[in-house]
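Worksheet: the structure to be examined is printed underneath.
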């Protein structure tokens, strides 16, 4: 999978997760289509995809034994690092610790990890 395809998989998994787990109607920015996603967000999505892919590769398939929460936490912390990379002073919600994230976001992050895992055969 190319970097572009990986970034797009991340974003599409995010949107699908938001639509599945978000209570009520999500903010428009949460479900923006790939073509309208800002460049910084595409870059961040690609970076996190690569981190998950590399993690799966390095675990030699054993990352499948992680709990859903552990998978989601991995995505969340990788995303937080990207927020610090792209913003000098990110919004608190962009860099919130796992326990402070809403349930829908934790579930979505776990979905993202599992979508990448499925795509790369992790």
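Odds and ends about this structure:
- Computed from Cα atoms, the angle from the helix 103-120 axis to the main principal axis of the chain rounds to 40 degrees.
- Per the Kirkwood formula applied to alpha carbons, the chain shows a radius of gyration over Rh ratio, Rg over Rh, of 0.94.
- One Cα centroid belongs to the stretch 89-122, the other to the stretch 13-80; the line between them spans 5 Å.
- Extension reserve of the residue 103-residue 87 stretch, reckoned as 0.36 nm per residue once the Cα distance is removed: 3.3 nm
- Enclosed volume per residue, in Å³, of the convex hull spanned by Cα atoms of the stretch 53-108: 80
- Here is how the number arises for the chain: DSSP H runs of 4 or more residues each give -39500 (n - 2.57), the sum is divided by the residue count, and the result at 222 nm is -21500 deg cm²/dmol.
- The residues 118, 109, 3, when put in order of fewest to most other Cβ atoms within 10 Å, stand as 118, 3, 109.
- Ranking of 71, 91 by neighbouring Cβ atoms within 10 Å, starting from the fewest: 91, 71.
- Helix 39-58 axis, angle to the chain major axis (alpha carbon atoms, nearest 10°): 20
Values quoted throughout were computed directly from the atomic coordinates according to the rules given, and no laboratory measurement underlies them. This is a predicted model, so every value here is computed, not measured. Heads up, the Cβs are rebuilt from the backbone with ideal geometry, glycines too, and the neighbour counts pull from every protein chain shown.
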